[in-house]
Structures are given as C-alpha cells and as structure tokens.
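The values are calculated or read from the model by the stated rules, or taken from the named source; none is laboratory data. These numbers were taken from a predicted model, which means no experiment stands behind them. Because the Cβ atoms are built from the backbone with ideal geometry, glycine has one as well, and the counts that use them run over all protein chains shown.
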Amino acid sequence: MPKGRHGLRRRLIDALWLHRLGAYMSYMADCCCSPPPLNLGPPKQTAARRRALWAVLAINAAMFAVEVAAGVAAGSASLQADALDFLGDAANYGISLLVVGMALRYRASAALVKGATMGVFGLWVIGTVIWHVWAGTLPNALTMGAVGVTALLANVASFGLLWAHRHGDANMRSAWICTRNDVLGNLAVLLAAAGVFGTGTGWPDLIVAVIMALLAIQGATVVVRHSLGELRSGSLLQASI
C-alpha cells in the first residue's frame, strides 16, 4: 500500500477511536464521583450488604494496585487510567463503610482526601501519556489484554456480589451501577489493546488514557469542591452555635 494511503488509513482509524471512545466516556462521566449516604436498610439486611461492600472494596483495592503495576510494566497508559476507576470505587466504599457515622467534617475531610488523590493520580496519568508520546512507546498489547481480562473478571465478580442488592437502597444501587459501568471501562481497555495490536501504534492506548484521566480529574474537581463547601458549611454552623 502506498505510504500516503497507509497514513490516511491510520488517521481515519485514530479518528474513529476518538469518536467512539469519546461517546462512551461521556456516558461514563456520571459514574461514582461521590458516595451516597450509607443506609443499609433493615437490620436483617445490614450484615449481608456490609459483607458484599467489604468484599467489593477488597477487590477494587487489589485491582487498583495490579493495574498500576501492570500499566507501568507494559508501558500502557490506559491500564493506569483504568486503575482510577478501581481507586475511586474503593474510596467510595471505604468512605461509606468507615466514616458514615462520623461528624460531617470527618466525612467531608475523607471525601476531600479521595478527590485530591484521584486528581493527583489523574495528572500523573496525563504526564505518563505525554512521556509515551515523546518516547514513542509501543505498549505490550498482550499484557494489556491479559490484565484487561483480569480486571473484567474482577468487576464481573463484584457485579455478582452486588446483584442481589441491586434493588436495595440508594447506596447499594449506586455500588451496583458503578460496577456495571466499570465493566464498560474494562472493555475500553481491551479495545485499546486490540487497537494497539491491529495498528502497531500506541495511539489507541493513549486516546483511552487521556479521556479516562480527564474525566477522573473532572470528577475529582467536583468532589474537592463539594467537600470544601461542606467543610465551610460545618465551620459556619459551629460558629453560629
């Protein structure tokens, strides 16, 4: 194939990736930025729902570590960006389970730490993308695919744990929706792996990573702003008493 036609085909493929993944990530933008108040329902249901949330918290925390390490080893920015979903969900479940009964300032402070952490990590992913563009890194598509499948299985397991509680209160329904949306995030990474393998370039990986990281930073900004507002409100309330 002539060089000009090959270059045009590659640009068209990249443009198609950007369009489809942009639409997908717009749908994902409503996912799981802030944890709802924990209301586990009647006492008989509380123990089962707490067990499910603790199990899903452990799965998300473990997969966050796995995807960060694998992303660095494989040179994949999208794996590191996908880890942001696991980090955000683990933080949500942790906040819900550990600080829900505490005073407003403790809950707002925990959410502030979560938002700041996600924002810093999102900026780190953006920096990683810039580095890969400059270095011309080609990610290991096989590693991306293997870890993507593992992440997908982890979310399917979480999905199964939360399935029985999907019609429960707002907290449990939110946890189920987050896990369902995370499955779509895993599929995006698998598509990125297929794109890297098929095109022989790292652009599909970088496109996925940039979109996911920017949305994570946007979500982190919302959480930080909301948390600071709650902290200010709590301070004003105490001052007026």
>> Against the condition surrounded by fewer than 17 Cβ atoms within 10 Å (Cβ to Cβ) and part of a helix (DSSP H, G or I), how does Ala83 come out, does it pass?
In response: no
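Condition check ((1) within 30 Å of Ala47 (Cβ to Cβ); (2) modelled with pLDDT under 80) across all residues:
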site	(1), (2)
Ala135	no, no
Ala146	no, no
Leu152	yes, no
Asn155	yes, no
Cys178	yes, yes
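Let's see how each residue does on (1) closer than 18 Å to Glu67 by Cα; (2) assigned to a helix (DSSP H, G or I); (3) modelled with pLDDT of 80 or more:
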{"residue": "Ala188", "(1), (2), (3)": "yes, yes, yes"}
{"residue": "Ala192", "(1), (2), (3)": "yes, yes, yes"}
{"residue": "Thr201", "(1), (2), (3)": "no, no, yes"}
{"residue": "Ile207", "(1), (2), (3)": "yes, yes, yes"}
{"residue": "Ile211", "(1), (2), (3)": "yes, yes, yes"}
{"residue": "Gly219", "(1), (2), (3)": "no, yes, yes"}
{"residue": "Ser227", "(1), (2), (3)": "no, yes, yes"}
{"residue": "Leu231", "(1), (2), (3)": "no, yes, yes"}
>> Please determine whether any residue of segment 166-176 is at pLDDT below 80, in a helix (DSSP H, G or I) and surrounded by fewer than 16 Cβ atoms within 10 Å (Cβ to Cβ).
In response: yes
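Residue by residue through segment 97-156, note down the ones that are in a loop (DSSP other than H, G, I, E, B), β-branched (Val, Ile, Thr) and over 21 Å from Ile207 (Cα atoms). First the steps, then the outcome.
Going residue by residue through segment 97-156, those that are in a loop (DSSP other than H, G, I, E, B) are 99-103, 136-140.
When the remaining residues are screened for being β-branched (Val, Ile, Thr), the result is 99-100, 137.
Of everything in segment 97-156, those that are in a loop (DSSP other than H, G, I, E, B), β-branched (Val, Ile, Thr) and over 21 Å from Ile207 (Cα atoms) turn out to be Val99, Val100.
Got a sec? Which of Ala58, Ala146 is surrounded by fewer than 22 Cβ atoms within 10 Å (Cβ to Cβ) and more than 16 Å from Thr179 (Cβ to Cβ)? So that I can check it myself, show each step before the final result.
Numbers: Ala58 fails: more than 16 Å from Thr179 (Cβ to Cβ).
Among Ala58, Ala146, only Ala146 is surrounded by fewer than 22 Cβ atoms within 10 Å (Cβ to Cβ) and more than 16 Å from Thr179 (Cβ to Cβ).
Looking only at segment 60-81, decide whether some residue is touching a Lys or Arg at 6+ places or on another chain (Cβ under 9 Å) and either more than 22 Å from Phe159 (Cα to Cα) or at pLDDT 50 or above (or both). Even if it seems obvious, please write down each step before you answer.
Going residue by residue through segment 60-81, those that are touching a Lys or Arg at 6+ places or on another chain (Cβ under 9 Å) are none.
Scanning segment 60-81, I find no residue that is touching a Lys or Arg at 6+ places or on another chain (Cβ under 9 Å) and either more than 22 Å from Phe159 (Cα to Cα) or at pLDDT 50 or above (or both), so the answer is no.
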>> Pull out all pairs, ordered by first then second residue, where Cβ-Cβ is under 6 Å, the residues are six or more apart or on different chains, the first lies in segment 189-216 and is in contact (Cβ under 8 Å) with a residue 40 or more places away in the chain, and the second is buried (at least 24 other Cβ atoms within 10 Å of the Cβ) and of a type in the set (D, E, K, R).
In response: Val189/Asp82; Ala192/Asp205; Val196/Asp205
